[in-house]
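The values are calculated or read from the model by the stated rules, or taken from the named source; none is laboratory data. Just so it is clear, the model here is predicted, and its values are computed rather than measured. No Cβ is skipped: glycine too gets one built from the backbone with ideal geometry, and neighbour counts run over all protein chains shown. Note: areas computed on protein heavy atoms with side chains; ligands, DNA, RNA excluded. Shrake-Rupley method; radii C 1.70, N 1.55, O 1.52, S 1.80 Å.
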Amino acid sequence: ILHKTHIRERNFMKTRLQANERLLFFFKCILFCAILTGILLLLLAFLMYRLRFSEGIVTICITAIYVTTTFFAGYITGKREGSRKFLWGLLAGSIYFIILLILSMVMKAPGDLSTMHTLTVLALCAGGGMLGGMLS
């Protein structure tokens, strides 16, 4: 009886360790994509300064950056997990969106925080992550 209890405890600890490793990897991936977004936005700011982009071009570039980085997050997460890839990608894109939303609120960005704009960005981030997960 003692031996079976010991085996169960060991299996429980192993499962818990694996879950912690999965979460750690997931959040490292999200952090990396947030940093990548920052770098790409800085590059866009530099290009705006040098090339004098119109507002429409800047909006398209920002949207492309969000979709690309969430696609990347979903792709990496889906590759690592191996099953339910689209759900992991959807989760990555959604958490990425939540981070963007919190940063926008903290910085009190003068941008459009209307409900329609917010839902559109959520759909783009979640969709980009889910597509990345599906294609991984």
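One chain, two ends: Ile57 and Leu42. Fully extended at 0.36 nm per residue, the span grows by 3.9 nm beyond their Cα-Cα distance.
Each label was represented as a point 7 Å from its Cα along the Cα-to-Cβ direction; for Tyr49 and Phe25 these points are 3.9 nm apart. On the beta carbon distance between Ile35 and Met134, with R0 = 41 Å, the FRET formula returns roughly 0.95. Along the Cα-to-Cβ line of Ser114, 7 Å from the Cα, sits a label point; which residues in segment 41-59 have backbone N less than 19 Å from it? What the label zone holds, given the 19 Å backbone N cut-off, is 55-59. When a 1.4 Å probe is rolled over the protein heavy atoms, the share of accessible surface on segment 46-118 that falls to carbon and sulfur comes to 70 percent.
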